[in-house]
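Report on the following structure.
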Amino acid sequence: QVQLVESGGRLVQAGDSLRLSCAASGRTFSTLIIGWFRQAPGKEREFVAAVTWGPTDYADSVKGRFTISRDNAKNSVYLQMNSLKSDDTAVYYCAARFGPIRSRKNDDYPYWGQGTQVTVSS
């Protein structure tokens, strides 16, 4: 089993930066593919970014502004978000799946955190 806990969400102003953290339990963390997803009010949950043991993947809407990284020693994954916009307002979830194939699909990730709210005020 894998348990995920997100943190770091809060209210920020447009143009600000914010870093989200995802802490994972279990001794198999280094073998996990971790994804960040988000769900805005009235919208479906969408892919944001994913990281394997090296390569990363980003949605076009965040490419160049968001950076995903992992620290296997701390069983953690981070999402650095820069130049935030009001459209980035959502509940952000981290999710995990075993590799080796990276995915942007919600259904391919069996493990999910509870989410953390990010609100960007314009």
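Name the single residue that is farthest from the chain's Cα centre (by Cα) among those in region 27-41 being at pLDDT 95 or above and open to solvent by 20 Å² or more (accessible area, probe 1.4 Å).
Ala40
Mind telling me which of the residues Asp60, Asp71 ends up being over 20 Å from Gln114 (Cβ atoms) and in contact with a strand residue (DSSP E or B) (Cβ under 8 Å, 6 or more places away or on another chain)?
Result of the check over Asp60, Asp71: Asp71.
Can you confirm whether Gly99 is open to solvent by less than 40 Å² (accessible area, probe 1.4 Å), at pLDDT below 95 and not hydroxyl-bearing (Ser, Thr, Tyr)?
yes
Quick check: is even one residue across region 62-69 in a loop (DSSP other than H, G, I, E, B) and of a type outside the set (Lys, Arg)?
Yes: region 62-69 contains one or more residues that are in a loop (DSSP other than H, G, I, E, B) and of a type outside the set (Lys, Arg).
From the residues in region 106-122 that are of a type in the set (S, T, N, Q) and farther than 22 Å from Ile33 by Cβ, which one is most open to solvent (accessible area, probe 1.4 Å)?
Result: Ser122.
Hey, can you tell me all the residues within region 65-90 that are free of Cβ contacts under 8 Å to residues at least 60 places away in the same chain, under 13 Å from the mean Cα position of the chain (by Cα) and either under 13 Å from Phe47 (Cα atoms) or open to solvent by 20 Å² or more (accessible area, probe 1.4 Å) (or both)?
Phe66, Thr67, Ile68, Ser69, Arg70, Tyr78, Asp88, Ala90, listed by residue number.
Within region 12-24, is there a residue that is out of contact with any Pro (no Cβ under 6 Å at 6 or more places or on another chain), under 16 Å from Gln117 (Cβ atoms) and among the charged types (D, E, K, R)?
yes
The values are calculated or read from the model by the stated rules, or taken from the named source; none is laboratory data. Just so it is clear, the model here is predicted, and its values are computed rather than measured. Cβ: placed from backbone, ideal geometry, glycine included. Neighbour counts: every protein chain shown. Protein only, heavy atoms only, side chains kept; ligands, DNA and RNA dropped before computing areas. Shrake-Rupley method; radii C 1.70, N 1.55, O 1.52, S 1.80 Å.
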